[in-house]
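Below: the structure, in C-alpha cells.
The values are calculated or read from the model by the stated rules, or taken from the named source; none is laboratory data. Note that the coordinates shown come from a computational prediction; the quantities given were computed from them, not determined experimentally. Positions of Cβ are backbone-derived with ideal geometry, glycine not excepted, and every protein chain shown enters the neighbour counts. What goes into the accessible areas is simple: the full protein's heavy atoms, side chains included, and nothing from ligands, DNA or RNA. Shrake-Rupley method; radii C 1.70, N 1.55, O 1.52, S 1.80 Å.
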Amino acid sequence: MTTNKRLKVGQGQISGYLSIFLAVLVLLAVFCFRYPEQLTTPEFREVYTKSIAEALMIFGVIASFFFAAVSLLLSKKIKLALIGTSITGLAIVLGALTLNGRDVVKTDWHFGLDWMILDLLLMVAIFVPLELFFPRNKSQTKFHEEWRTDLTYFVISHLFIQFFGIVTQKPAVLFFGWIGLENLHAWVQGLPFLVALFLAFFTTDLFQYWAHRTFHSRVYLWRFHSIHHSTQNMDWLAGSRTHFIDIFFTRAMTFIPLYILGFSSTVFNVYIVFIAIHAVLIHANTRINFGFIKYIFTTPQYHHWHHCEDPKYYGHNFASIFPFIDMMFGTYYLPAKKWPAGTGVREASYPKGFIKQSIYPFTKSPFDTDLNMDERSER
C-alpha cells in the first residue's frame with residue numbers, strides 16, 4: 001500500500017483493499033467477542049445489541065471474500081485477494097462464524113476497540129466513496145506518504161477513549177461540580193428538542209472556538225496544535241492528527257457547557273454522532289460545495305481555508321460548526337467557490353510518525369532552531 005498513484009474504479013485495487021480492510025475488522029471483532037470486558041466500551045455497548053454485532057461480523061466475512069473475488073477477477077493478480085482471504089480465514093478459525101455475544105462483567109478499565117471498529121467502518125463507508133467520486137484534489141491518493149501516521153492517530157484516540165474521556169471531563173467536574181446545577185439541568189432538559197440541540201451546538205462551538213483560537217495565539221500551545229496543521233494531504237483521516245495536549249485542552253473546554261447545562265441523553269447522543277461525522281467531513285478531500293448550507297454549517301471548503309499554507313490567509317475560520325461565530329469575532333473567510341491552493345504549515349518542519357510528533361513539541365519548536373520561542377507564524 002505504498003503506491004503514489006490515485007486508485008481507479010475497475011482495476012481491482014479498490015476491491016482488494018476493501019477485502020483486506022474488512023478482514024482486519026472481522027479479526028479485531030473476534031477479539032472483542034472473546035475479551036469484551038477489556039476490549040469493549042460499556043457506554044457504547046448500549047448502542048448495539050449482541051445480535052447486531054454477530055450479524056455485522058458474519059456480513060464482514062462474506063463481504064471480505066466477495067471483494068477478494070472481485071479483485072482477483074478485475075486485476076488478474078492474486079496478492080491483495082490472497083491477503084484478504086488469509087486474514088478472513090484466520091478470523092474464521094478463531095471463531096468469527098461461531099462466537100456468540102455474552103453478558104459482560106463490569107471492569108475498571110477497558111480499551112475502545114469496539115468503538116474503533118464501528119466508527120472506522122462507518123467513516124470508510126461514508127467518506128471513501130465521497131473522496132473517490134467527488135475529490136477536490138484529483139491527484140491525491142488514499143495511500144499518500146503519511147496515511148499510516150494519520151491512521152495511527154485515529155486508532156490511538158479510539159482505543160484510549162476511556163482515558164481521554166476521564167481526563168477531559170475532570171476540569172468541568174473540578175471547577176463546577178460543587179455548584180447545585182439540578183434546577184438548570186431540569187430547565188434545559190425541558191426545552192424543545194431542536195432548541196436544546198441548537199443550544200448544545202452553539203455553546204460547545206463557542207467554547208471550542210476560543211480554545212482553538214488560544215492554541216493559535218499562544219506560542220507554546222501553537223507548537224502542539226501546529227501538528228494538526230502539518231498535514232499537506234487533507235482527507236477524512238487528516239482530522240485525526242491531533243496532539244494529545246491539544247485533545248485534552250480543547251475537549252475539556254468543549255465539555256464544560258455540556259456538563260453545566262446537563263442536556264438530555266438524546267440531545268447528547270445526537271450531538272456526539274453529529275460531531276463524530278462532521279469533524280471528519282470538514283477535513284475530507286471532496287469538492288462538494290454544499291450550496292447555501294455552507295453559510296449555516298462549516299464545510300470542507302470553509303475548513304480547508306483554515307488549513308491554508310499561504311500566510312496571507314492565516315487567522316481565519318476557527319469555528320467547528322457555525323460560521324457565524326467567526327463572523328461575530330471577525331475571523332470569517334469564505335471566498336465564493338475558491339479553494340486554497342495548498343494546505344500545511346509552510347514555515348515549519350516536522351518529524352514523520354506518531355511517536356516522534358508526540359514528543360517533538362516538548363523538546364523543540366517547529367518554528368525555531370534555537371528554542372527561543374520566537375513565533376514565526378501568524379496563524
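Key figures
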item	result
Relative packing of 94-106, 275-287, which averages over residues the other C-beta atoms within 10 Å, highest first	275-287, 94-106
Protection-proxy order for peptides 224-232, 358-366, each taking the mean of Cβ atoms within 10 Å per residue, highest first	224-232, 358-366
For the chain, radius of gyration divided by Kirkwood radius, i.e. Rg to Rh on alpha-carbons	0.97
FRET efficiency for PHE133 and VAL104, using Cβ-Cβ distance with R0 set to 25 Å, rounded to 0.05	0.05
Centroid-to-centroid separation of region 95-159 and region 296-364 [C-alpha atoms, Å]	24 Å
Helix-only mean residue ellipticity at 222 nm for the chain, each DSSP H run of n ≥ 4 adding -39500 (n - 2.57), per residue, nearest 500	-19000 deg cm²/dmol
Within-12-Å neighbourhood charge of PRO351 [Cβ basis; K, R +1; D, E -1]	+2
Residues with amide H under 5 Å from that of THR41, placed H, sequence gap 5 or more	ASP114, TRP115
Centre separation in Å (Cα based) which lies between region 16-78 and region 226-286	26 Å
Per residue value of the accessible surface for the chain (all protein chains in place, 1.4 Å probe), Å²	50 Å²
Relative contact order computed over the chain (Cα-Cα under 8 Å; 6+ residues apart), in percent	17 percent
Share of carbon and sulfur in the accessible heavy-atom surface of region 71-189 [1.4 Å probe, %]	68 percent
Under-5 Å amide H pairs with THR343, H placed in peptide plane, nonlocal only	GLU309
Within the accessible area of region 254-303 (1.4 Å probe), percent carbon and sulfur	79 percent
Label point distance in nm, LEU73-SER265, each placed 7 Å from Cα along Cα→Cβ	4.6 nm
Rounded accessible area of GLU347 (nearest 10 Å², 1.4 Å probe)	50 Å²
Evaluated at q = 0.09, 0.15, 0.17 Å⁻¹: base-10 log I(q)/I(0), Debye formula over Cα of region 1-156	-0.32, -0.85, -1.05
Potential lengthening between PHE324 and LEU97 on full extension [0.36 nm per residue; Cα-Cα distance subtracted]	76.7 nm
Highest-first arrangement of 21-32, 157-168, 330-341, where packing means the average Cβ count within 10 Å	21-32, 157-168, 330-341
Quotient of C-alpha Rg and 2.2 N^0.38 Å, computed over region 201-318	1.08
Kyte-Doolittle at least -0.5, axis length at least 27 Å by Cα - qualifying DSSP helices, the chain	13-34, 50-75, 113-133, 193-217
